[in-house]
Each structure stands twice: as C-alpha cells, then as structure tokens.
Amino acid sequence: MRPPIHQSTTLPTTNLPTRWAAAWRSFRIATWLGWQIESNWTDPFLFAIYSMLKPLASAAILVVMYGVITNGQFQNPIFPYIYLGNAFYIYVGAVMTGVSWAVIDDREHYRTLKYIYVAPIRIPAYWLGRGVARFLTGSFAVLITLAAGVLFLHVPFQPARVDWLLFLVSLTLGVVMLALMGLVLASISLMIAHHFFLIGEAVAGALYLLSGAIFPLEVLPPWLRPLGFAMPITYWLELIRRSLLGDIASGFPTLSGFTNGQLLGILAGLSVLFGLMAAVTFRFCDRRAREKGLIDRTTNY
Amino acid sequence: MSSEARPFFAPVPKASGWRLFLKTVVARAYPRVVGQQRERSWIFFDVFLSILAVSAYVFVYRAIGAPEEYVGFVVVGGAMTAFWLNVLWSMSSQLYWEKESGNLALYIMAPNSMMAILLGMALGGIIATALRAGAILLVGSLIFHVQYAVGNLPALVAVFILTLAALYGLGMMSASLFLLWGREAWHLANLAQEPIYLLSGFYFPVKNLGFWVAVGASIIPLTLGLDAMRQLLFPSGAMLGFLPVPVEVVVLAVLCILFLIAARWLLGYMERIAVREGRLLESRR
C-alpha cells in the first residue's frame, strides 16, 4: 500500500524517539546552515556593522521624530514605551520572517528545496533551525539598540529593578510564538510564488501598526483597537515593558486592567493556538504543494 | 509572383544610431510598465504596505502631540519611499539580477547601448512607481486629512522632475557598482533602506539632523528633493526647510548631471573589469 502523500517515505514515522532525534538533527544542521548563509557573505567586521546599522537607524528615526516634537524630553514615560517597543519588535521581523524566508531562499534562490525534501530530515524542524540565525543577529540588534537607548537617551534601565524572571519567561514565550507564526507563513509560502515577498512584510507591517509597538493602542481609531487586542504581540510587548520598566510601563491604560499572570496566560494560550495552527497549516500546505508539484517550482520572481 | 511582393527572407530594416538607442530605451521600459498590469495585486500590496508604515509613523506623531503638518510630512515622505525602493531594488540591483537570470550577457552581446538599457529601466521604473507613489499620497492624504497649500505649482513640478532625474541617475550609476559587488548586492540594498530613511529625512524635516549631516545626506537627491517639495507643499514648510528652494534646485540639477556622467563612466569600467575577469556569467549564490 502507498504511504499517505503527506508522509515522508524516507523517515520512520512511528518511533517517537527516532522522530525527535531526526527533528533535533534537522534543527541543529539547519541552524548551522542558516548562520553560514546569513554571515559568510562578508568579513565579520562588515557583518557586525551591517547587523547594527539597520536597527540603530530604525530607532534613530523614532528618536529624531520624538526629539523634534518634544524638544528632547526623553525623560517622559512615553519615550521608553516607544523605544523599547521598537527595539523588541526587531524580533518579530527577525524570527517570524527568518523562519518563513527559508522556503523562498531554498526554492527560488538556491533551488535546493527539492533536495531538502528528499533528504531524511523533518521539514518544520529544518525551517525553525533556519530561523535561529536571524534570532541571533536579531538579539545582537536588540542589545545594541537597548544599549544605545540606555547610554545616550536616558532610557530608564536599572538592572536591580528589572523583573528578570518575568523578562526571561516572556521573552522565551514570545520568541516561540513568533517562530510558530513564522512556521505558518513558511507553510503558506510553499503554495505561493508571486506574493512571497509581500506576505512576511504585510504581516510584520500590520503587526507593527496594530500591536501598539511604538504607540499606545488608544491612539488608534476605535474600530482598529479590537484588532490590536487580538494580536499576541500586544501582550508580549506589554510584558517585556513591564518586566524592564516596572511602574512606568503599567502606567499606560491599554492593558492596565491585566495582571502579569493574566498577560502571561494570554500569551501562553495564544502560543499554543499558533502551535496548533502551524501544525494544521503545514500538513495542509505540504500536501497541496506535493500534489500540485510546487516543491521544485522556480519562478524567477 | 508580382515584382512588388516582399521575399520571404527579406531583411528586417535595421535601426542604428539614435533610433537604435531610442528603441532600446522603449524596449527596456516596456516590461516595467506592462509588468505591473500583469500582476495588479502587487500595486495593491505596495500601496497597502507603504500605508501601514506611514500610518505607524503618523500615530507616533499623534501620540506625542505633534502639529498636524508633520502628518503631511510623513505622508509625502512615505510616497517618496516608493521611488527610493524602486531605485534600490530595480535599478541598483538590477544588473546583478540580470546576471543571475542570464540576461546580462545577452544585453552586452546585443548591438545596443548599455546606457540605453539603463535609461529604459529608469524610465519604466519612474512611470510604474509614479502610479504607486501617487496612490500612497492620495490614500494617505485622504485617511489622515492632510491639508496642502501649493503656492507655486510649476516650481513643485520642476523640483519633482529634477529629483527623480537625479535619483534615477544615482540608480544608473550604482547599478554598475552593485554588479561588481556581486553577492553582497542584496545585503547592500537591504542596508540602504532605514539608514537612508533617517539621513534623508523621510519622516521629519532633514534640518533637524544638523547642518553638516544634512549637507552630507544631500548626496542622496531625495534629501533636498523632499525638503524642497515640503517647502512648496505646506505653509510652515519654508520655516522648517533646510536650504532655500532655488539653492536646492541648483544642487539637484548639478547632481543630475554628475550622476549621469558617472553612470556612463562606471558602466564602461564595469564592462572592462567584468569582461577581463570573466565575471559576466559567474553565479555565486
């Protein structure tokens, strides 16, 4: 009897430890590969400059905008609200699009997706691994941006007052959630050719606007606010701000009615939801892509 | 067979000289203009994505209580990002893409001028992008109720045309450089987005960066072009402007000439280097 079309014929699917071992191996090797692709196009010095310039320039645009209007009143609580939101939003672009871009890179640029598909690896684990390199460069960018804010712009950061446990739990949950969102986008990218540039950018752009990354949700028109409350990144950024800034962050009215525990619960629930969505979307898109012969399609777009 | 009948294998009339140059320009511009008709959803997405970015910056200004004119500055800057992205990804990087897809060797083998190819790319890009920029400007202005006060329309049109001429001259010049850089081209184009948005004052008056930073940033034609357009579009624009508009027009005209000359020289240089080192057909993925 032929195996179901969505199952790899090269990997045993019944033995759980074997499946985990294959997934771990796929993840590990993809992480190494992703790092090589991200970093080996130039020397380490230029790569470091490249990794710093973009996020610092993005932050500087907001800093100049803020400075022009407020005559440089960086002590106002709205400034660290904007600055931290923008800094941690770097993870959204890095992790989410980092995972989903692997499909495009392998299919259209390197034209290796078909070889990866016939290799004895777990595809979702491979995609997640490809996102790790972007997570690492994103972390570097976040650190540099935060350091610039603390050193030069009076962003109030006192290590002794930071809720480190809340910060680490929130950061981990958030990164996992973003990776799962990336997996959903990666699966959809298997099915599309003409809009692959746009799908990641559209989602990241919409989230930037709707999640209150750089302004409180109250500034949005009332009809757009519910969308902001439906976005998991809204809760994630609030938790990050609360853990790093304490009272300054919880002073904004948007989510002041929620305790930290409630926000964590919402974030965890949404992460589980995205995990399920990722599994379902991958099974569906993978099967359709195989049926329609889309795995080895190159479009030159 | 009558004597007037055309033989089956009669030679096609050949163009040469300036006719060939013009035909090449039109031929290379054609796919740029027609291409977007084939994929209309791209126009929607390009406008939609730009509006998302513009909206985010507008809401930042509103969150910190900025005067409403700054909203207009953001909308105009957001519309002009379409041209910058087009120059980066479809001019500067284009010869590199052409090499990757195998067209570059054909361009060089064919009996046409490479300057005509670049000019065609620029003209087609301007026409195609003007539609997107116009849509961003219109939609952004309507959504955020931007008020314009145009006192000197001919000057505004002249500044706009000069800005685009200089900007696409820069794109033609950098196309050769990007080709020489090879695989780094993608990263360099990627790098030239946010830093240029910052230095050229896409979302705030460039004057706020300080005199010397603004002078340095003026090498990007959009810096002075945007500044001049804002001065001509908004009542307080002149007060927030970096240099008087006539000075900015003269500098833009000089940049335009400089970039076109540099594009021609670099193109020749690139061809010599690439032919000598055998890099026209290489593909380093």
Q: Six or more apart or on different chains, Cβ under 6 Å: which pairs go from a residue in segment B:97-119 that's aromatic (F, W, Y) to one that's at pLDDT 85 or above and surrounded by 17 or more Cβ atoms within 10 Å (Cβ to Cβ)? Could you list them?
A: B:Y107/B:I117
Q: Under 8 Å between Cβ atoms, at least 6 apart or on separate chains: pull out the pairs that start in segment A:109-137 with a residue that is free of Cβ contacts under 8 Å to residues at least 24 places away in the same chain and end on any residue that is in a helix (DSSP H, G or I).
A: A:T112/A:D106; A:I116/A:D106; A:I116/A:I123; A:I116/A:Y126
Q) So which residues in segment A:179-212 are within 8 Å of chain B (Cβ to nearest Cβ) and either of a type in the set (A, V, I, L, M, F, W, C) or in contact with a Leu (Cβ under 8 Å, 6 or more places away or on another chain) (or both), if there are any at all? A) A:L198, A:E201, A:A202, A:G205, A:A206, A:Y208, A:L209
Q) Taking the condition out of contact with any helix residue (DSSP H, G or I) (no Cβ under 7 Å at 6 or more places or on another chain), outside any helix (DSSP H, G or I) and closer than 28 Å to B:L49 by Cβ, does A:P226 pass? A) no
Q.
From the list B:L266, B:L188, B:L255, exactly one residue is within 14 Å of another protein chain (Cβ to nearest Cβ) and part of a helix (DSSP H, G or I). Which is it?
A. B:L188
Q.
Checking the structure you have, find out if any residue of segment B:27-35 is within 14 Å of chain A (Cβ to nearest Cβ) and either touching a strand residue (DSSP E or B) at 6+ places or on another chain (Cβ under 8 Å) or assigned to a helix (DSSP H, G or I) (or both).
A. yes
Q) Looking at this structure, is A:G269 on the phi > 0 side of the Ramachandran plot and out of contact with any helix residue (DSSP H, G or I) (no Cβ under 6 Å at 6 or more places or on another chain)? A) no
Q | Those residues of segment B:37-71 which are within 9 Å of another protein chain (Cβ to nearest Cβ), more than 25 Å from B:A130 (Cβ to Cβ) and either of a type outside the set (A, V, I, L, M) or assigned to a helix (DSSP H, G or I) (or both), in sequence order | A | B:F59, B:V60, B:Y61, B:R62, B:A63, B:G65, B:P67
Q: Scan segment B:194-214 for residues that are buried (at least 17 other Cβ atoms within 10 Å of the Cβ) and assigned to a loop (DSSP other than H, G, I, E, B) and jot them down.
A: B:S200, B:G201, B:F202, B:Y203, B:F204, B:P205
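The values are calculated or read from the model by the stated rules, or taken from the named source; none is laboratory data. Just so we're clear, the structure is a prediction, and the values are computed from it rather than from any experiment. Every residue, glycine as well, gets a Cβ built from its backbone with ideal geometry; the counts of neighbours run over all protein chains shown.
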